[in-house]
Amino acid sequence: MTSNGTFDNESAGIPASESIHDHNEDIDYDFLEERANSEYQYHDCSLTDVEFNKHFSAPPTQKWRDLSSDSHPAVFKMDDSKDIQWKLAKKEIEHVKYRTRKLLSKSENEIVTPEEIAMHSLGPESPSGKYMMLELELDEKVYLQFMITFLIQAAYRVSTTELFRRDSLLVDQVPMDHEHYVSIWEKISTLREVPQSYIRTTRSSPPLWERLETITNEVLSAVSITDRIGKVSIALDDDKIWFASRATKTKDLFNLKFTTHVKANRKGIVAHTAVSTGALIPLAIVFERTKDSCLDCMKKVLDFMFGHAGEADLRNVSIHSDRGYMYPDMVFGYLLSQGAEVVGTCQRMAQCWPFTFKQKRKEHDKRTHIDVNGAPTLFLKYCKAGTKHVFASAFRNGTQGVATAVSTLHRSHEWEGVVLKPPEHFAYKADPTSLREKFFQQVMLKELCRDDNFSATTLLQRHLDEKIEPITLRQGKLYIYIIENRTSS
């Protein structure tokens, strides 16, 4: 955005020396300008199937272009992300307080107690409470005893055996005895079970957990999403729940996918969860079904929160996740096409993502290879998807580590320092240059410039190991290399 309020190439993340029009692509500057001026204003658009596939299909590797630091100088900030997250968290907390009062029919000045929240969510009169009492044939007293015992067990993260063993410090605090508690769980585990000689189909009665999953998501959405104004920022992750049972293959798993968790080398089920990035409030949970893919589960999670007319409306929603969700087809074909902003780490895939490291590339592989040896460096490339620009990054940390990511929100060579003491933050707020000496190390290399046959870059590369002791960004320092009559940062 320029000083007079117009939208230029650089503010859109495009190198000044490289206009998009040079590549025979059109930009809707009116849309971008209005989007920059108002975070809540959007325009409807209609695309044919051909236009849709052109804009939102995963681009080939060669379509990504370098974002030069020469035309976009690096930006250095201090604890900026913490400020952003705290502002977002405060808005989330205020909204949850507003919605909770409304759901409990409380006035603006009335206090909502934790007990009221617990009873609204899990009490006998809650949707889940009524459903469990009906299905398990429990009266109100037994149901409350069971839930109190279960919540104590969950809070202390102990097994049933550990909870009820003789020397347990919790056994005297739970209102239900061991036999009764286990009998209810056994009823839950066998209710609506399909005989071993049958195959579970959609004609079978739905298992207990499916209805509880829906009820849970409806309660969470009513508190955190309904009536929410402005940006919504969520993080997606999967919770790998493992269990060892010799009889698993002969038991009815109630349409849950039984899979191997590769990293832990254990078998179990997977729960895909969504939480708010500011206040870490749970928003939704979806268990992976037998025929589900990761994309199916992501769609179900987002449909629970933002579903409308059969599909999710993700405008003004930013999705953050790890590389398990950031597949090219998911990013371009689903998230961006539904209007979302995306931020997440990604795998080294030759299909689309433009960076790789520690891989042997084939002849037709057009990805940029990042050498893991070298000073801390941020590499950026970008491409266009509809009206958005997508940025792929590769960060070399200086200790032979490289992290690759994709984002529609981060569009510059931006570095962020982390202060060690609160007074440092106050000093930075008052004067952004006050901490320069603590975070930057000045290195004089004048004697290297006597030979005019070599460029400054060549000299730095040749003598870096000899002249500079490696200090990484993780330790809170950057380098500024100063050479006689020439400066390179």
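Numerical summary
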{"read-out": "Residue under evaluation ASP252, criteria (1) open to solvent by less than 40 Å² (accessible area, probe 1.4 Å); (2) over 18 Å from LYS300 (Cβ atoms); (3) charged (D, E, K, R); (4) assigned to a helix (DSSP H, G or I), criterion not met", "value": "(4)"}
{"read-out": "Residue identified as open to solvent by 60 Å² or more (accessible area, probe 1.4 Å) and not polar (S, T, N, Q) among TYR143, TYR98, TYR131", "value": "TYR98"}
{"read-out": "Test: LYS366 is surrounded by fewer than 16 Cβ atoms within 10 Å (Cβ to Cβ), over 20 Å from the mean Cα position of the chain (by Cα) and of a type in the set (Lys, Arg)", "value": "yes"}
{"read-out": "Whichever residue in the range 261-286 is part of a strand (DSSP E or B) and basic (Lys, Arg) and, among such residues, is nearest to GLU210 (Cα to Cα)", "value": "LYS267"}
{"read-out": "Meets criteria (exposed (fewer than 14 other Cβ atoms within 10 Å of the Cβ) and at negative phi) for ARG157", "value": "no"}
{"read-out": "Every residue from the range 107-120 that is exposed (fewer than 14 other Cβ atoms within 10 Å of the Cβ) and more than 22 Å from TYR143 (Cα to Cα)", "value": "SER107, GLU108, ASN109, GLU110, ILE111"}
{"read-out": "Test: residue in the range 327-338 that is at positive phi, part of a loop (DSSP other than H, G, I, E, B) and at pLDDT below 90", "value": "no"}
{"read-out": "Number of the condition not met by HIS180 [criteria: (1) within 35 Å of the chain's Cα centre (by Cα); (2) at pLDDT 95 or above]", "value": "(1)"}
{"read-out": "Cross-chain or 6+ apart pairs with Cβ under 6 Å, the range 163-183 first and over 11 Å from GLN153 (Cα atoms) and in contact (Cβ under 8 Å) with a residue 40 or more places away in the chain, then outside any loop (DSSP other than H, G, I, E, B) and not hydrophobic (A, V, I, L, M, F, W, C)", "value": "none"}
{"read-out": "Answer residue from the range 60-83, given it is farther than 29 Å from GLY333 by Cα and exposed (fewer than 13 other Cβ atoms within 10 Å of the Cβ) and is modelled with the highest pLDDT among those", "value": "VAL75"}
{"read-out": "Residue that is modelled with the lowest pLDDT, among those in the range 254-270 that are aliphatic (A, V, I, L, M) and touching a strand residue (DSSP E or B) at 6+ places or on another chain (Cβ under 8 Å)", "value": "ALA264"}
{"read-out": "Test set (1) over 22 Å from ALA385 (Cβ atoms); (2) touching a Gly at 6+ places or on another chain (Cβ under 6 Å) - MET326 fails condition number", "value": "(1)"}
{"read-out": "Subset tally (residues that are among the small types (Gly, Ala, Ser) and within 30 Å of the chain's Cα centre (by Cα)) for the range 110-151", "value": "3"}
{"read-out": "The lone exception for GLY230 - which of (1) in a loop (DSSP other than H, G, I, E, B); (2) over 23 Å from the mean Cα position of the chain (by Cα) it fails", "value": "(2)"}
{"read-out": "First in the range 194-207 and open to solvent by 100 Å² or more (accessible area, probe 1.4 Å), second anywhere and of a type outside the set (A, V, I, L, M, F, W, C) and outside any loop (DSSP other than H, G, I, E, B), Cβ under 9 Å, 6 or more apart", "value": "GLN196/THR250"}
{"read-out": "Residue among ARG396, ARG367 that is more than 25 Å from VAL317 (Cβ to Cβ), touching a residue at least 60 places away in the same chain (Cβ under 8 Å) and not hydrophobic (A, V, I, L, M, F, W, C)", "value": "ARG367"}
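Residue-wise test of (1) open to solvent by 40 Å² or more (accessible area, probe 1.4 Å); (2) of a type outside the set (Asp, Glu).
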residue	(1), (2)
THR290	yes, yes
VAL301	no, yes
ARG315	yes, yes
ASP322	yes, no
TYR325	no, yes
PHE332	no, yes
GLY339	no, yes
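Okay, residues lined up against (1) assigned to a loop (DSSP other than H, G, I, E, B); (2) surrounded by 14 or more Cβ atoms within 10 Å (Cβ to Cβ):
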site: ARG348; (1), (2): yes, yes
site: GLN351; (1), (2): yes, no
site: LYS360; (1), (2): yes, no
site: CYS383; (1), (2): no, yes
site: ALA392; (1), (2): no, yes
site: THR399; (1), (2): yes, no
site: THR404; (1), (2): no, yes
site: LEU409; (1), (2): yes, no
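The values are calculated or read from the model by the stated rules, or taken from the named source; none is laboratory data. Everything numeric in this text was worked out from a predicted model, so none of it was measured. So basically every Cβ, Gly included, is an ideal-geometry build from the backbone, and we count neighbours across all protein chains shown. With ligands, DNA and RNA removed, areas are computed over all heavy atoms of the protein, side chains included. Shrake-Rupley method; radii C 1.70, N 1.55, O 1.52, S 1.80 Å.
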